[in-house]
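These notes are about the structure you will find just below.
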Amino acid sequence: MATPTQKAGLLDRSIAHLRGIGPAKAELMAKELSIFSLGDLLYSYPFRYVDRTQFHRIIDILPDQGNVQVRGKLVTLTSRGENRKKRLIGRLRDESGAALELVWFRGVHYLDRKYQVGEEYICYGKVEEFNGRLSITHPEMEPAREAVQDGAATFEPVYTSTEKLNKRGLDERGRRKLIRSILDQLSPADLPDMLPSYLCEELRLISHYDAVRAIHLPANQMELDAARRRLKFEELFLLQLRLLQLKVSREAQVAGYAFGQIGKYFNTFYRDHLPFTLTGAQKRVLREIRSDLGRGIQMNRLLQGDVGSGKTMVGLMSMLMALDNGFQACMMAPTEILAYQHYESLKEYLEGMDVRVAFLSGNVKGKARKALLDDLAEGKIHFLVGTHALIEPPVVFQNLGLAIIDEQHRFGVKQRAKLWRKNAPYPPHVLVMTATPIPRTLAMTAYGDLDVSVIDELPPGRTPIKTVHFTEHRRERVFGRIREEIAKGRQAYVVYPLIEENEKLDLLALEAAYDEMLHKFPRPDYQISVVHGRMKPADKDYEMARFKNGETQIMMATTVIEVGVNVPNATIMVIVHTERFGLSQLHQLRGRVGRGAEESFCILQSSVKLSKESRQRIDTMVETTDGFKIAEADLRLRGPGMIDGTQQSGVLQMRIADLAQDGKILAAARERAITLLKTDPELQRPDHRILARYLDKHFKTIKGWSLIS
Ligand code: ADP
Ligand code: MG
């Protein structure tokens, strides 16, 4: 993100000019933390504060207390283990008489010399319990004596640092000194306010200058809260303003075809071929899409809907709207299997109707390919379904009116740009479908300039998937459950995590598991398919196909099956080492079962010992199948930026706002931004000029990222 600097000059100056920093240290700061200028330093806010007057008594600390600050004497310090397993273990005893263990795995050699037995330290970190003993791994340590000398501050900022910086004296205290020296040189004129004053008054926000000072050196909690509120609002407001501006300007610039009518195809389908009643959510989304398509502005809509919520049907019916207006449509998926599944579904839904659907992937070659491309160019093919092959230059449509992209986050920006060029004079309308639910706050930011539709209702008559948690020593019981399902004629998935650091290990683990499975499920009574990331695509497809056709009853797989295989007869999924999977991944995986009429089961197998976070993840999975609830939990547990579907979005790297927590501020910021643009769309009012300049200057780089296609 851009730094809100206004004045070229002071804040743009290199930190090398600061007292106490020379070229070498400046270079180190740049390398380690990407801090180059005074402005970079000023706008790298503390990530927490230490109230130097508040300490926990070690004797009172509970195992699940979280972060604690204690003050005590280092009574022992010893290094144990050899070479790479080497660690440093200290014991800190406070006035309560109890002791706490401190553990370091990194920097053992250096820290061994740095810390002195007998010295008093202030020590901060997260408490954990191992074998009944409380310990903190890699605590923040500061000699108590220095902390006192350091000045009056009882409320001290703590900044991100690294071992290398620490060694060069740019540790916490060093950073504090630098910040003080910058703040001393700054006057309010150096940090003018870009928010209009009426807004600050109305929302009771302190000025930018005051906030920046207070965020580094708050006198008390109240001041800190006021600074945080101001800076969070400012950050979110500026971003929302930019996103909304982009949306407005795109809508003004990018004309699209107006699909004025709903006609024969859509109506015939609706009346005679729709195999079920649409859910309320499907109807609502179709209305939204229809109104977009009729406006004469290119549609860029994101459709979110949980696995099984019926997105394909919404896609198909939108395609029929295009056809009714004389246009072709296409549907793209990230893998051949998925694309082919869509092709088959569309053909099945459209049976008996005069609509020509074709399939294209890299594997369609030679004569068949040529014939297909000719037909497409002549408009004889109405709907084309396929992989990225669809957007390669040789594929020419007669008139592409609508493109549907399934599972958007696997489609890169470049591929989307290609799609835009597929048609003239106007680009096709675009509907992106994703089964990764994104929490509202994230959607508002990562896709803040898009229109978002949500299918938040599953078709009726589904039996909810039963999810249970088993520890791994109850494996026999799990095998038993698999046998029961197979005896009923059903099929089973057994999913293993990828050991990403080491693919070989990964394969070995899978092989060992395969041996065990062969033993438990012997041939010829049972047939097992195995699929993993290292297989050739053709072999993978072959194994998947065998499972899909029912030739094998068990599918052992690493996460490759995540992406949408549809085998309604599979009613049980066992996830091995559940603790190694992220929440959204687990949710996606689980969505592979529960696709038929039968009741389905998901067994989360894990080791006995679990971290608090793993346990929370597993509990969440057992409690709910609602993708949005799971996404919210994921956001709380992991923070934004780690959520699937939003990684590439630079807008999520925020300085101070936290999308997991600041939903209210975000909503207020968005609302104010909307109001402001309504009254002054071009930001021409005198009190908005500084805003306009700021936005132009600092958001240039992200112009265009928001075009989903
Ligand atoms: P998604 O792509 O959202 O995961 P699909 O489009 O594959 O979901 O739909 C899942 C299943 O639900 C399909 O078998 C589909 O035919 C069925 N389905 C979709 N909409 C409805 C509905 N309104 N009523 C009953 N079944 C539906
Ligand atoms: Mg789907």
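Okay, here's what the table says:
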{"quantity": "Sole exception among (1) modelled with pLDDT under 95; (2) among the hydrophobic types (A, V, I, L, M, F, W, C); (3) within 20 Å of V593 (Cα to Cα) for M299, by number", "calculated": "(3)"}
{"quantity": "Candidates P334, P394, P437, filtered to the one that is buried (at least 21 other Cβ atoms within 10 Å of the Cβ) and either in contact with an Asp or Glu (Cβ under 7 Å, 6 or more places away or on another chain) or not aliphatic (A, V, I, L, M) (or both)", "calculated": "P437"}
{"quantity": "Residue tally, condition out of contact with any Phe, Trp or Tyr (no Cβ under 9 Å at 6 or more places or on another chain) and surrounded by fewer than 19 Cβ atoms within 10 Å (Cβ to Cβ), over segment 570-579", "calculated": "1"}
{"quantity": "Filter result (in contact with a strand residue (DSSP E or B) (Cβ under 7 Å, 6 or more places away or on another chain) and more than 27 Å from A631 (Cβ to Cβ)) within segment 420-440", "calculated": "K422, N423, Y426, P428"}
{"quantity": "Condition met for A487 (hydrophobic (A, V, I, L, M, F, W, C), more than 30 Å from V285 (Cβ to Cβ) and surrounded by 12 or more Cβ atoms within 10 Å (Cβ to Cβ))", "calculated": "no"}
{"quantity": "Qualifying helices (runs of 4 or more DSSP H) (wholly inside segment 286-403; at least 1 residues being more than 29 Å from D541 (Cα to Cα) and within 14 Å of ligand 1 (Cβ to nearest atom))", "calculated": "311-324"}
{"quantity": "Criterion violated by A258 - all others in (1) hydrophobic (A, V, I, L, M, F, W, C); (2) modelled with pLDDT under 95; (3) in a helix (DSSP H, G or I) satisfied", "calculated": "(3)"}
{"quantity": "Members of segment 558-578 that are closer than 21 Å to H469 by Cβ and either of a type in the set (D, E) or modelled with pLDDT of 90 or more (or both)", "calculated": "E562, A570, T571, I572, M573, V574, I575, V576, H577, T578"}
{"quantity": "Pairs where the first residue, in segment 149-161, is polar (S, T, N, Q) and the second is at pLDDT below 80 and assigned to a loop (DSSP other than H, G, I, E, B), C-beta under 8 Å, 6+ apart", "calculated": "T154/R52; T154/T53; S161/D171"}
{"quantity": "Residues located in segment 12-54, provided they are among the basic types (K, R) and assigned to a helix (DSSP H, G or I)", "calculated": "K25, K31"}
{"quantity": "Tabulated pairs, segment 395-411, first assigned by TED's automatic domain parsing to the domain that holds G379 and basic (K, R), second within 14 Å of ligand 2 (Cβ to nearest atom) and at pLDDT 75 or above, C-beta under 9 angstrom, 6+ apart or interchain", "calculated": "R410/A333; R410/P334; R410/T335"}
{"quantity": "In segment 603-613, the residues that are surrounded by fewer than 20 Cβ atoms within 10 Å (Cβ to Cβ) and either touching a residue at least 60 places away in the same chain (Cβ under 8 Å) or under 18 Å from the mean Cα position of the chain (by Cα) (or both)", "calculated": "S607, V608, K612, E613"}
{"quantity": "Near pairs, Cβ below 8 angstrom, 6+ apart or cross-chain, from segment 294-309 (farther than 20 Å from I465 by Cβ) to any residue that is of a type in the set (D, E) and modelled with pLDDT of 90 or more", "calculated": "M299/D292; R301/E288; R301/D292"}
{"quantity": "Scan of segment 436-462 for residues that are out of contact with any helix residue (DSSP H, G or I) (no Cβ under 7 Å at 6 or more places or on another chain) and within 16 Å of ligand 1 (Cβ to nearest atom), ordered by number", "calculated": "V454, L458, P459, P460, G461, R462"}
{"quantity": "Qualifying residue in segment 346-357 (condition: closer than 30 Å to Q585 by Cα, crowded, with 18+ Cβ neighbours inside 10 Å and of a type outside the set (D, E))", "calculated": "yes"}
{"quantity": "Complete set of residues in segment 256-278 that are surrounded by 19 or more Cβ atoms within 10 Å (Cβ to Cβ) and over 17 Å from G401 (Cα atoms)", "calculated": "F269"}
{"quantity": "In segment 243-280, the residues that are aliphatic (A, V, I, L, M) and out of contact with any strand residue (DSSP E or B) (no Cβ under 9 Å at 6 or more places or on another chain)", "calculated": "L243, L244, L246, V248, I262, L274, L278"}
{"quantity": "Every pair of residues 6+ apart whose Cβ atoms lie under 7 Å, when the first sits in segment 514-543 and is more than 20 Å from G480 (Cα to Cα) while the second is in a loop (DSSP other than H, G, I, E, B) and not small (G, A, S)", "calculated": "H532/T558; G533/L498; G533/T558"}
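The values are calculated or read from the model by the stated rules, or taken from the named source; none is laboratory data. Just so we're clear, the structure is a prediction, and the values are computed from it rather than from any experiment. Methodologically, a virtual Cβ is constructed for each residue, glycine included, from the backbone with ideal geometry; neighbour enumeration extends over all protein chains shown.
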